[in-house]
1. How much net charge surrounds G80 when only the other residues with a Cβ under 12 Å from the Cβ of G80 are counted, with Lys and Arg +1 and Asp and Glu -1?
2. Show me, for the stretch 104-114, the HN-Hα J-couplings you get by feeding each phi into the Karplus relation (A = 6.51, B = -1.76, C = 1.60, θ = phi - 60°), rounded to Hz, glycine and proline as x.
Amino acid sequence: MIEDRLFQSSLLKHVGGVALSVLVGFLGGVACGAVILSLCTLAGRSGTTGAEYVGYGDLGVALVGAMYGGPLGAILGPLGYVSVVRVIGFRSATPPAAIGTVAVGFACSLFVPGLGMVGGTVGFFVGLLFARFAPWANRSKWNRW
């Protein structure tokens, strides 16, 4: 009887965490996608218009980045939750994941414009792994490695 209640509460906790990770992933993907493409246009590497010079800015490009980043974040958020976030928590995982997504996604977009989404995905998981294995990260007593 007690084990059933513990299992149900644990199951509800993880289902709620996955649902929250979809929402957080979508919103984070919107923000990171908009930032990555906005930085690319500021660097003169948009490839969409004839006005490709350093300092060029366009709100439409940020909206396109948000349009691509949102669904990708909604897919990658639960994957990140199942693999890392449930161990370290959303508060510890969100800043490194966002920084990794923007940094690697922007760097890949500078060199090969089509690889921004792939670079953002790789940066997301690199940021999560950094948050997980950083020496100063908060770890629970159950997870010592």
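1. Local charge sum for G80: +2.
2. 6, x, 5, 4, 5, 5, 5, 8, 10, x, x
Rule-based calculations on the coordinates, nothing more; no lab input. If you're wondering where the values come from, they're calculated on a predicted model, not measured in any experiment. All Cβ positions, glycine included, derive from the backbone under ideal geometry; neighbour counts span all protein chains shown.
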